[in-house]
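Okay, so here's the structure we're looking at.
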Amino acid sequence: MSEQDGFTERLRQARTRQGLEQSKEPAVKTVGTGPWGIGFRAGVEVVSALVVGIAIGYALDHWLGTWPWLFLLFFVAGSAAGIMNVYRLFKPRGGRPGI
């Protein structure tokens, strides 16, 4: 009978690791996991990446005197970084490897 109990326990642990079964421990609620929190985070990701890109481009253009080329380059780079951050935020996790 102990072999059956050991198997059941290992099966429960494996299912918990895979997210198929909730553990008996109380779940810790993190801030921003609801729809409003995720939407706010996505907006902050895009805006912050744009602001950083624009600031770096403006500073380099001001320092090197190449207005507006580096500003435009870093604006595009900041936009791409913001979009990639939002993509990573919404990308499903736990997919099969190799796909």
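The values are calculated or read from the model by the stated rules, or taken from the named source; none is laboratory data. Since this is a predicted model, take the numbers as computed values, not measurements. So basically every Cβ, Gly included, is an ideal-geometry build from the backbone, and we count neighbours across all protein chains shown.
Tally up the residues in the range 52-79 that are free of Cβ contacts under 8 Å to residues at least 24 places away in the same chain and assigned to a helix (DSSP H, G or I), please.
17
For the range 46-65, check the following and say yes or no: at least one residue is at pLDDT below 95, surrounded by 13 or more Cβ atoms within 10 Å (Cβ to Cβ), out of contact with any His (no Cβ under 8 Å at 6 or more places or on another chain) and on the phi < 0 side of the Ramachandran plot.
Checked the range 46-65: no residue is at pLDDT below 95, surrounded by 13 or more Cβ atoms within 10 Å (Cβ to Cβ), out of contact with any His (no Cβ under 8 Å at 6 or more places or on another chain) and on the phi < 0 side of the Ramachandran plot.
Answer yes if at least one residue in the range 90-97 is surrounded by 12 or more Cβ atoms within 10 Å (Cβ to Cβ) and either on the phi < 0 side of the Ramachandran plot or in contact (Cβ under 8 Å) with a residue 12 or more places away in the chain (or both), and no otherwise.
No, every residue in the range 90-97 fails to be surrounded by 12 or more Cβ atoms within 10 Å (Cβ to Cβ) and either on the phi < 0 side of the Ramachandran plot or in contact (Cβ under 8 Å) with a residue 12 or more places away in the chain (or both).
Cβ-Cβ under 8 Å, sequence separation 6+ or interchain: first residue in the range 35-51 and without any contact (Cβ under 8 Å) to a residue 24 or more places away in the chain, partner small (G, A, S) and surrounded by fewer than 16 Cβ atoms within 10 Å (Cβ to Cβ). Which pairs?
Matching pairs, first to second residue: F40/G32.
Looking only at residues in the range 23-44 that are modelled with pLDDT under 70 and closer than 23 Å to L89 by Cα, which one is surrounded by the most Cβ atoms within 10 Å (Cβ to Cβ)?
Looking at residues that are modelled with pLDDT under 70 and closer than 23 Å to L89 by Cα, I get G32.
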